[in-house]
1. Look at G26 and say whether it is at pLDDT 95 or above, in contact with a helix residue (DSSP H, G or I) (Cβ under 6 Å, 6 or more places away or on another chain), among the small types (G, A, S) and closer than 25 Å to F253 by Cβ.
2. Within the range 194-224, can you find the residues that are assigned to a loop (DSSP other than H, G, I, E, B), of a type in the set (K, R) and over 16 Å from S92 (Cα atoms)?
3. Take the residues in the range 227-260 that are in a loop (DSSP other than H, G, I, E, B) and in contact with a helix residue (DSSP H, G or I) (Cβ under 8 Å, 6 or more places away or on another chain); name whichever of them is surrounded by the fewest Cβ atoms within 10 Å (Cβ to Cβ).
4. Tally time: how many residues in the range 1-33 are β-branched (V, I, T) and buried (at least 23 other Cβ atoms within 10 Å of the Cβ)?
5. What single numbered condition from (1) open to solvent by 40 Å² or more (accessible area, probe 1.4 Å); (2) within 25 Å of S251 (Cα to Cα) fails to hold for Q139?
6. Counting only residues that are open to solvent by 30 Å² or more (accessible area, probe 1.4 Å) and touching a residue at least 40 places away in the same chain (Cβ under 8 Å), which one in the range 158-173 is nearest to the chain's Cα centre (by Cα)?
7. Restricting to the range 125-135, what's the tally of residues that are among the aliphatic types (A, V, I, L, M) and surrounded by 14 or more Cβ atoms within 10 Å (Cβ to Cβ)?
8. I'm trying to understand the selection: among the residues of the range 142-157, which are open to solvent by 40 Å² or more (accessible area, probe 1.4 Å) and assigned to a helix (DSSP H, G or I)?
Amino acid sequence: MHIFHKNTSVHYTSIGKGKPIVFLHGFLENSTMWNSISQEFLKKYRVICIDLLGHGNTENHGYVHSMEDQAIMVKAVLNNLKLRKYILVGHSMGGYVGLSFSKLFPNNIKGLCLMNSTALADSKEKKINRNRAIEAVKQNHKTFVRIAIPMLFSEKNRALFPSEIKEVTNEALKISPQGIIAALEGMKIRKDTTSLFKEAKFPILMIIGKQDPALDYNSLIAQTKNTNVQVIEFPDGHMSHLENKDDLIASLFSFVKNCG
């Protein structure tokens, strides 16, 4: 299904009945990353999967896709579906979008799951790395993708998940250079949203990969201290939906059940 938002075609799916769960994919991914996960939830819940700006079958909106831009687009989709309250589940960049959405539209959230994501803004070093990534994409975006995807898995899993890595890479190669760069620019300028962890009137779950190459484990633990954020740790990398699929599904079911 598609809607037009600010002259941009946005692709999404909405299947099932019951409590709405909105799945938001990460950088270099699209809504199909949730296929095997969403099948489990369709039995009891309404599942909405959205292609974020510049990813999947959603068009580019500009040269920078800020997390606020993404969140406002997601809200437009959910308004079009006439949904008022929902649970957001965001992987990596999808978590950043979920955090931004929660800041902009807190009264619409029943629960927020951050999967392999962080509420911290980019550090100075991370911003430098984003700029390097942008230059690499400009030179050869296909080479960038082929190098980037395996590095999201824990070191041992790079040899154990060859077919999954190939599939994720093939999906990522469909993204235009503009879509990749606009996302990198948007992540680079995103705000610190750790205050949400103390302000939120809805439950928050953070899922952490202990061997996540993309996120610092200690900083993830530190930002949740003295908050009501529930933390679940898996032993592997950044791709919990592939590396720890069964445990993830069980954790999400438990969380969704407790979200009112």
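The values are calculated or read from the model by the stated rules, or taken from the named source; none is laboratory data. The structure displayed is predicted, hence computed values, not measured ones. Ideal geometry is used to build each Cβ from the backbone, glycine not excepted, and the neighbour counts take in all protein chains shown. Heads up: the accessible areas ignore ligands, DNA and RNA and are worked out on the full protein's heavy atoms, side chains in. Shrake-Rupley method; radii C 1.70, N 1.55, O 1.52, S 1.80 Å.
1. Yes: the conditions hold for G26.
2. Residue satisfying the conditions is K201 alone.
3. For the range 227-260, the residue satisfying everything is N228.
4. Within the range 1-33, the first condition is being β-branched (V, I, T), and the residues that meet it are 3, 8, 10, 13, 15, 21-22, 32.
Pick out the ones that are also buried (at least 23 other Cβ atoms within 10 Å of the Cβ) and you get 10, 21-22.
The qualifying residues number 3.
5. Tallying (1) open to solvent by 40 Å² or more (accessible area, probe 1.4 Å); (2) within 25 Å of S251 (Cα to Cα), Q139 fails exactly one: (2).
6. Narrowing the range 158-173 to residues open to solvent by 30 Å² or more (accessible area, probe 1.4 Å): 158-164, 166-167, 170-171, 173.
From what's left, touching a residue at least 40 places away in the same chain (Cβ under 8 Å): 161, 164, 171.
Numbers: F161: 21, E164: 18, E171: 15 Å.
Step by step, filter the range 158-173, then rank; the result is E171.
7. 2
8. K142, T143, R146, I147, M151
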